[in-house]
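The values are calculated or read from the model by the stated rules, or taken from the named source; none is laboratory data. Being a predicted model, the structure only gives us computed values, none of them experimental. Ideal geometry is used to build each Cβ from the backbone, glycine not excepted, and the neighbour counts take in all protein chains shown.
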Amino acid sequence: MRVSKALLDDQDIDHLRQALSEYTVQGVQELLGDAGAAALQRGDVLGASRGFEGDEPVVTLLRLFVLGEAVSEELARKTFAPLPLESAAAGGVIELSAGEARAQVTIRPYGELGGDTARGLPWWVVSDFGFDVRPGVVRPDHVLGVNGSGQLLAGSTPRLEVARALDIGTGAGMQSLHLGTHSGSIVATDINERALRFAATTAALSGQTWDLRHGSLLEPVGDELFDLIVANPPYIVSPGTGIETHSYRDSGMAGDAVCEALVRGMPARLAPGGTAQMLGNWIITDGETWEEHVGGWLDGSGCDAWVWQWGVTEPAEYVNLWLADAGGTPGSETWIREYTQWRDWFESIGARGVASGMITLWRADEGVEPIVEMDEVPQAFEQPIAAEIASWHLRQRWLAGQTDIQLLDARLVAPPFVVLDRMDQVGENGWEPLNRRLRQVRGMRWEAGIDDSIATIVGGCTGASHLATQVALLADSLGRPFSEMAEAVLPLVRHFIARGFLLPRDDT
Ligand SMILES: C[S@@+](CC[C@H](N)C(=O)[O-])C[C@H]1O[C@@H](n2cnc3c(N)ncnc32)[C@H](O)[C@@H]1O
């Protein structure tokens with residue numbers, strides 16, 4: 001196992017950190033304003049580039065590291081002080097040519113609140129420029145910087161204090177930065193040695209220490225156990241050969257084998273009570289449902305699992321999307337060849353599309369039957385969603401421990417973010433109910449169609465009375481036996497608790 005070194009030595013890192021001291025999330029926000037900072041956040045470099053000038057360090061650093069512009073060597077020397085420009089060039093951070101300096105890597109301030117506020121240190125992520133700044137197909141060992149899917153994973157990962165965390169496919173290290181706020185130690189792996197050097201630089205600049213290891217998937221960690229594993233793997237579904245591969249997105253394994261390997265492999269690396277959080281893509285065919293396909297990977301895992309599928313992309317759109325993602329030119333010879341190969345392969349395996357989603361695993365206690373739930377989540381859920389994922393698991397475990405009798409004895413609460421939408425229509429007798437929908441105005445933003453009787457039950461969930469009392473009242477008002485009413489209501493109540501429309505009162 002090779003030790004990955006940062007691009008600069010310790011002293012140069014300290015000097016670079018000093019040079020970057022005003023180039024923080026807040027510093028950039030102040031310079032660009034809300035609109036410019038938002039443009040930068042969504043990757044619109046041109047949008048972010050408008051309306052600033054001058055030669056203060058933050059301006060020069062933005063020009064170099066975000067816009068990819070060249071600046072005069074003199075200005076760069078002033079900006080990088082106390083780091084000698086020659087050291088920055090020797091480390092591959094900048095290149096010097098004809099009296100000008102140009103960045104070789106991008107360095108971006110990162111972090112919701114300007115970084116690890118607990119320790120008062122800002123974060124910087126060191127990665128490659130995208131093709132939006134340096135046009136052309138990106139190199140095969142391209143190192144991805146802060147990116148949308150990475151942010152989605154970061155916002156979905158539970159942030160409980162843990163002893164040992166593992167970041168599989170760390171890239172520039174953005175997941176590990178977050179892990180650093182709540183993990184005793186971090187092992188971060190990647191198959192791309194260049195990525196590991198960038199990650200080492202991200203860690204060093206941001207004042208963190210990670211155990212960086214080279215190798216594929218779980219191989220670098222042998223039989224070690226972790227309390228938290230995160231993975232934003234190179235999940236794109238491709239033939240595995242023939243298409244120009246880029247390790248930041250393509251594992252080189254055919255189909256969805258990389259996601260399958262992780263789902264099958266991670267449970268054995270989870271310590272008791274451990275959690276794993278990963279993003280993934282999987283193939284959709286007519287031969288089996290997505291639940292059967294991904295569910296098969298979880299057979300015998302010994303883990304509770306919540307699998308989300310948020311969308312399916314049909315093959316043509318998928319291939320175009322990913323060829324463009326690496327900076328390919330539509331209509332070029334390479335594009336047409338790779339497009340054809342990729343589409344032919346999709347056809348040969350009977351793929352109807354590729355699904356995107358997320359998988360959370362919780363190591364179940366010894367001898368306890370795991371709970372596996374697979375949900376389609378097409379709605380725009382709120383980010384960060386991690387707290388809701390954690391409470392979903394607590395509610396599922398609570399429900400699994402409740403017999404119907406116990407559930408009837410529980411006192412339930414409808415939280416304030418649950419609303420009832422009513423839609424009425426004029427009928428023979430004036431306004432008549434057309435539609436009733438329960439809706440969450442935050443969090444998962446689930447919706448559920450209900451009728452007036454169930455709406456009455458939910459409306460009665462103030463935590464004051466037992467569920468049985470509400471069921472009895474409803475049964476009386478409808479002239480139906482209690483047992484019949486309970487039989488109709490309980491499965492719905494269980495579903496509503498699972499989805500967070502109803503919560504057990506704290507002391508239940
Ligand atoms: C989509 S990027 C994720 C980067 C970063 N973790 C994030 O969340 O933004 C996938 C990363 O996995 C790495 N990778 C590709 N194949 C791998 C493999 N077989 N084992 C470990 N890492 C791999 C890539 O080099 C890349 O850094």
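Taken together, the criteria exclude VAL137 from residues that are within 25 Å of SER391 (Cβ to Cβ), surrounded by fewer than 24 Cβ atoms within 10 Å (Cβ to Cβ) and β-branched (Val, Ile, Thr).
Just one of the listed residues (VAL143, VAL58, VAL133, VAL126) is among the hydrophobic types (A, V, I, L, M, F, W, C) and assigned to a helix (DSSP H, G or I), and it is VAL58. Only one of the listed residues (SER97, SER127, SER72) is among the hydroxyl-bearing types (Ser, Thr, Tyr) and either surrounded by 14 or more Cβ atoms within 10 Å (Cβ to Cβ) or not assigned by TED's automatic domain parsing to the domain that holds LEU20 (or both). That residue is SER127.
Candidates in segment 151-193 are the residues that are in a loop (DSSP other than H, G, I, E, B), more than 17 Å from the chain's Cα centre (by Cα) and near the ligand (Cβ under 10 Å from one of its atoms); of these, the one that is surrounded by the fewest Cβ atoms within 10 Å (Cβ to Cβ) is ILE191.
Against the conditions (1) at positive phi; (2) more than 12 Å from the ligand (Cβ to nearest atom), ILE107 satisfies every one except (1).
For every residue, the table says whether it meets (1) outside the structural domain of TRP446 (by TED's automatic domain parsing); (2) at positive phi; (3) surrounded by fewer than 21 Cβ atoms within 10 Å (Cβ to Cβ); (4) away from the ligand (no atom under 15 Å from the Cβ).
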{"residue": "GLU224", "(1), (2), (3), (4)": "yes, no, yes, yes"}
{"residue": "VAL258", "(1), (2), (3), (4)": "yes, no, no, no"}
{"residue": "LEU262", "(1), (2), (3), (4)": "yes, no, no, no"}
{"residue": "MET278", "(1), (2), (3), (4)": "yes, no, no, no"}
{"residue": "ILE284", "(1), (2), (3), (4)": "yes, no, no, yes"}
{"residue": "GLY302", "(1), (2), (3), (4)": "yes, yes, yes, yes"}
{"residue": "VAL307", "(1), (2), (3), (4)": "yes, no, no, yes"}
{"residue": "TRP310", "(1), (2), (3), (4)": "yes, no, yes, yes"}
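For ALA200, the test of being within 10 Å of the ligand (Cβ to nearest atom) and assigned by TED's automatic domain parsing to the domain that holds MET266 is failed. Across segment 227-243, not a single residue is classified as modelled with pLDDT under 95, farther than 30 Å from THR181 by Cβ and within 11 Å of the ligand (Cβ to nearest atom).
Scan segment 334-355 for residues that are surrounded by fewer than 18 Cβ atoms within 10 Å (Cβ to Cβ) and in contact with a Gly (Cβ under 8 Å, 6 or more places away or on another chain) and the total you get is 5.
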